[in-house]
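Everything below concerns the one structure shown next.
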Amino acid sequence: MDHELPGTTRAVSENAPEPPARTPRDRPPAPGASRWAVPVLGFATFAVGTDEFVLAGVLPELGSDLGVSVTTAGQVVTAFALTCAVLAPVLATATARRARRGVLLLAVAVYLVGNAATALAPTFATVLAAQMIAAAGAGLFVPTAAVTAAALVPPDRQGRAIAVVTTGFTAATAMGAPLGTAVGGILGWRATMWFVAVLALLGLIGIRALVPARVAVSAPLGLRQRLAPLKDRRVPAILATTLIGFTAVYIPYTYIAVVFEPATGGSGDRLAVLMFTLGVIGTLGNLGAGWLADRFGGRGVVTVALLWTAASLLLFPPATGAFLPALMVIAVYGVGAFAITTPQQHRLITLDPASAPVLIALNAAILYLAISLSGVVGAVGIVWAGAGSLPLIAAGLAAVALLISELGHRLSRRPASGRPPAGVDGGTPSTARADG
């Protein structure tokens, strides 16, 4: 999401009262003050994202230690993501009137406590409860960090600031998850959770030191106002693409240890190499997709990415029997799988730049919901047809996501309220194309 959209943090309804005049403490920080604040928010997002993604690499060890099956252990991913999806908009609304740095510190602290409790948990039920606590912190942190990052910079750099935060998730896939998996392979899954807790502690220290105590943001919205964009029929169609598309992406990722077990022979080091390769390729794919979305529009990039993802998933079954073919197919898969994120955000923002923070929060909630569904659908697939069926199930879902994406595009070509969409055929001017 490298495009630049002025005023993307303005999300106040027409009937909302004007915010009070700013005091000297409320003025936006000077450029030097935010130079390191935005990167530290990106790092903290990396720490938060690592917990979600690293669990996929330690499921066999976690299940073996706590006496549950891999499919049962996979529900930790489901519980974490579902908690984030449900609580993200609720907690963001409940804390909307509080100072942004205080909310960020609270969110990371809750996340840290949840992961420390997970590392000490004696039973699987305790692990689930502790991860739900950690997820509450993660669900509050991500949308708050995105809006705060945009408020820390001039209007012409807000899009890039939000991109720094959201790219933290891709970096978690590229670096955090493989490192955590390697730690788990050597020292056990509990050491992995301590690794995640240390990342959170570093993020907490960075936010306290580098994020200004007072950050001027738009007037807070109520929950009803936050959900108002859903009345535009184009928005649910694009969010549905995120839901189905990322369910397809994360099914093989959540159960990557099981899907690639024939290739890795159960080796944590080999699994970490696969995850690292996927993360690096995915990061490059995400960055390239952001550039292409700015140049050609989000819809076309999403179409190519979903087609690429579906095709690469069909290559999984013959490639998972040996390590080198597995490494090659995971690299091919990573190009398309993580090229969906930024173009989807691009499509939402160009529909209504003024509601960008709300749309980003909704998209984040849907993304977490997709991750939770991947754990459930993957578990059912393993029980009914075996781990080898998961890539084929995911390929089918990617095809469904493509159909929904095209539906969203067709809806975007029709006015939502009797006038052309912003930036198209005489509609309200916009700095980015509204391609749906």
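The values are calculated or read from the model by the stated rules, or taken from the named source; none is laboratory data. Bear in mind the structure is a predicted one, so any value in this text is a computation, not a measurement. Ideal geometry is used to build each Cβ from the backbone, glycine not excepted, and the neighbour counts take in all protein chains shown. For the accessible areas, the whole protein counts, side chains as well, though only heavy atoms, and no ligand, DNA or RNA atoms are used. Shrake-Rupley method; radii C 1.70, N 1.55, O 1.52, S 1.80 Å.
Details
- Charge tally in the Cβ shell below 13 Å around THR45, where Lys, Arg are +1 and Asp, Glu are -1, THR45 excluded: -2
- For ARG233 and ALA311, a Förster radius of 51 Å and the Cβ-Cβ distance give a FRET efficiency of 0.95, rounded to the nearest 0.05.
- In plain terms, the chain from ALA209 to SER69 could stretch by 46.1 nm, reckoned as 0.36 nm per residue minus the Cα-Cα distance.
- Region 48-117 - percent relative contact order, Cα under 8 Å, separation 6 or more: 28
- Ordered by solvent-accessible area of protein heavy atoms (1.4 Å probe), largest first, the residues TRP194, TRP36 come out as TRP36, TRP194.
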